[in-house]
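Read through the structure below, which is laid out as structure tokens, and then see the notes.
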Amino acid sequence: MSEQRALFDELGPRARRRSRAISGGVILLLAGLGALAALKLAENGQFSAQKWSPLFNPLDSQFTTVWTFLGGGLRNTALAGGIAIALSLVIGTVLALARVTSRRWYRWAIVGVMEFFRAVPVVISIFFASRFLPTIGVDLPLLWYLVVGLVLYNSIAIAEIVRAGILAVPRGQTEASAALGLSGAQNLWLVVLPQAFRLMLPSLISQLVIVVKDTALGFIIGFEELLRRGEIAVQTLGNPLQMYLLIGMLFFVVNSLVSALAQRVESGMRQRNGSRQSPPATLRTGFLRVPALRS
Amino acid sequence: MSALVEYLPLFGQGILRTLSICLWGGLGALLLGTLLVTFRISPVPILQRIGTGWVSVMRNVPLAVVVFFLAFGLPEIGIRGSYFWFGVSALAVYTAAFVCEALRSGINSVPIGQAEAARALGMPFRLTLLGVIVPQAIRTATPPLANTTIAMIKDSALIGAIGVGGDLFSLADTLSASRGVDVIPVLIGVVLGYLLIIAPTSALFTFSEKRSVVRA
């Protein structure tokens, strides 16, 4: 919040009083809303134990069954997300390299195909993976339709991240490797990509959050990830409100952990960056142990 | 490909339905997102916390879960409505967080000296914000806003999937399942439909970005 400090002065006595008044009003409003919600919940019998305790009370007889079932869903979510991000990373890198190294006369074709698939909603690509692949004789478990749909979209997104990473590696690196007599491929593989990947790591981990969120779309094709399993469990437990609240919380926890990891990686990088004595201004990447040449 | 021509009116209807989901959802998201960003930059701690909380929840929870919670959870406490409006509200509530972030990134990009100068001239908070910061922030906020809008248009397909009916996604479902039309032409038609909505939107944003460039 410190960046917005400049918008207003340290609050004076009058402003502070007003701020407190607003806070009080907001708290009252929230309390009112909460009370209204509680009333509505109570009116409709949503506080009854049978709706909550299978999900939240470890002593409930159904608790273990429900959580084993949901745990399996969570595992499927992680599986689909993991495979999808790994494949997207490989294909995305290949796409980015194809785009970066392409000659101008056919680059438009690569860019055009990428732009086309970028306009496809993930929902549609997952759905069509499950409809189209069987018609050409590719019968796969549901997991793979979801993965194909996710990869189709995310490899394009990752290609953009990789391209940005490659472009962010200072030009001097390529020039230096040319001066050392490395071939173009060697330069890319040994010099540019390793640096680019380190630069990209935070964005890649953030993309993982998006992939994990998108696995929830597996319900469309009936793949039993977390949300679909919740949907199935609701049919016997009859508690959609509580169930989807729980599932939202589970997603929140998983993704917060992944986001926190991304932030740690990022700040770790910045620290390593900052610990260098007087980093040369030309080298913004700063993961290199060699000092950059000043141009 | 003849299927595309044969079902052209259906595609037209699908595009209109998707468009109306997006327009209502976008309007809601814009209003709510603006409210959230004023919360986040306000001097009142509790409002700041509401803004931050909202954004972090929506960032980490899939839209599908939000949709399910509203569309299947709310009727349990006696709030009845059509899937269309539940879907649109879910889309608005979800996208608002990203609109808020886009606007905030715009506000953050305005050099701190601008706000300091405005305050040095004795401008109060509201004038500093509306007269100095926001006009400059809009320019930087335009590209992320465009991305958010395009992402929302694509997310609207999910609203079709919960049983709203009539939008481009539902059309894809009906045509390829019950009417047995070949999958590939349907896919191409549907994607062209989305492109038809996305391309003008993105052009509009590019145009407004160019318009708002300050001429020296």
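Quick notes
- Evaluating A:T77 against the criteria (1) of a type in the set (S, T, N, Q); (2) more than 30 Å from B:I107 (Cα to Cα); (3) modelled with pLDDT under 90 leaves one unmet condition, (3).
- Options A:G181, A:G149, A:G172; residue that is outside any helix (DSSP H, G or I), out of contact with any Cys (no Cβ under 6 Å at 6 or more places or on another chain) and modelled with pLDDT of 90 or more: A:G181
- Residue list for segment B:170-191, filter: touching a residue at least 24 places away in the same chain (Cβ under 8 Å) and within 26 Å of the chain's Cα centre (by Cα): B:S170, B:L171, B:V186, B:I188, B:G189, B:V190
- B:I150 within 11 Å of chain A (Cβ to nearest Cβ), in contact with a Gly (Cβ under 7 Å, 6 or more places away or on another chain) and under 26 Å from B:A199 (Cα atoms): no
- Within the option set A:I22, A:I83, A:I91, being more than 14 Å from chain B (Cβ to nearest Cβ), part of a helix (DSSP H, G or I) and either in contact with a Phe, Trp or Tyr (Cβ under 7 Å, 6 or more places away or on another chain) or over 27 Å from A:Y244 (Cα atoms) (or both) holds for one residue only, A:I91.
- A count restricted to segment B:22-41 and to residues that are buried (at least 20 other Cβ atoms within 10 Å of the Cβ), within 16 Å of A:S23 (Cα to Cα) and more than 10 Å from every other protein chain (Cβ to nearest Cβ) stands at 1.
Results for (1) more than 7 Å from every other protein chain (Cβ to nearest Cβ); (2) part of a helix (DSSP H, G or I); (3) surrounded by fewer than 19 Cβ atoms within 10 Å (Cβ to Cβ), shown as yes or no for each residue.
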position: A:L217; (1), (2), (3): no, yes, no
position: A:I220; (1), (2), (3): no, yes, no
position: A:A233; (1), (2), (3): yes, yes, no
position: A:M243; (1), (2), (3): yes, yes, no
position: A:M249; (1), (2), (3): yes, yes, yes
position: A:F252; (1), (2), (3): no, yes, yes
position: A:S256; (1), (2), (3): no, yes, yes
position: A:A260; (1), (2), (3): yes, yes, yes
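- Residues (among the polar types (S, T, N, Q), touching a residue at least 12 places away in the same chain (Cβ under 8 Å) and in a helix (DSSP H, G or I)) located in segment A:51-78: A:N76, A:T77
- Inside segment A:197-225, residues that are over 12 Å from the mean Cα position of the chain (by Cα) and among the small types (G, A, S) make up a count of 3.
- Residue within segment B:128-143 that is over 30 Å from A:T135 (Cα atoms) and in contact with an Asp or Glu (Cβ under 6 Å, 6 or more places away or on another chain) present: yes
- Evaluation of A:F128 against (1) crowded, with 22+ Cβ neighbours inside 10 Å; (2) not in a helix (DSSP H, G or I) (one fails), failing number: (2)
- Applying the criterion of being at pLDDT below 90 and farther than 15 Å from B:T38 by Cα to the residues of segment B:95-113, the residue that is farthest from the chain's Cα centre (by Cα) is B:G113.
- So B:A157, is it surrounded by fewer than 16 Cβ atoms within 10 Å (Cβ to Cβ) and either part of a helix (DSSP H, G or I) or at pLDDT below 85 (or both): no
- Filter pass, A:S267 being hydroxyl-bearing (S, T, Y), at pLDDT 90 or above, out of contact with any Gly (no Cβ under 8 Å at 6 or more places or on another chain) and surrounded by fewer than 19 Cβ atoms within 10 Å (Cβ to Cβ): no
- Hits in segment B:42-92 - residues which are within 28 Å of B:S170 (Cβ to Cβ), within 12 Å of chain A (Cβ to nearest Cβ) and of a type in the set (V, I, T): B:V61, B:V65, B:V66, B:V67, B:I77, B:I79
- For segment B:119-156, filtering for residues that are in contact (Cβ under 8 Å) with a residue 60 or more places away in the chain and of a type in the set (A, V, I, L, M, F, W, C) leaves 7.
- Test: residue in segment A:135-143 that is within 14 Å of chain B (Cβ to nearest Cβ) and within 19 Å of the chain's Cα centre (by Cα): no
- Check on A:V100, closer than 30 Å to A:V148 by Cβ, part of a helix (DSSP H, G or I) and more than 14 Å from chain B (Cβ to nearest Cβ): yes
- Failed criterion for B:E101 (all others in (1) closer than 26 Å to B:S170 by Cα; (2) touching a Pro at 6+ places or on another chain (Cβ under 9 Å) hold): (1)
The values are calculated or read from the model by the stated rules, or taken from the named source; none is laboratory data. Just so you know, these numbers come straight off a predicted model, no measurement behind them. Here Cβ is always computed from backbone atoms with ideal geometry, including for glycine, and neighbour counts include all displayed protein chains.
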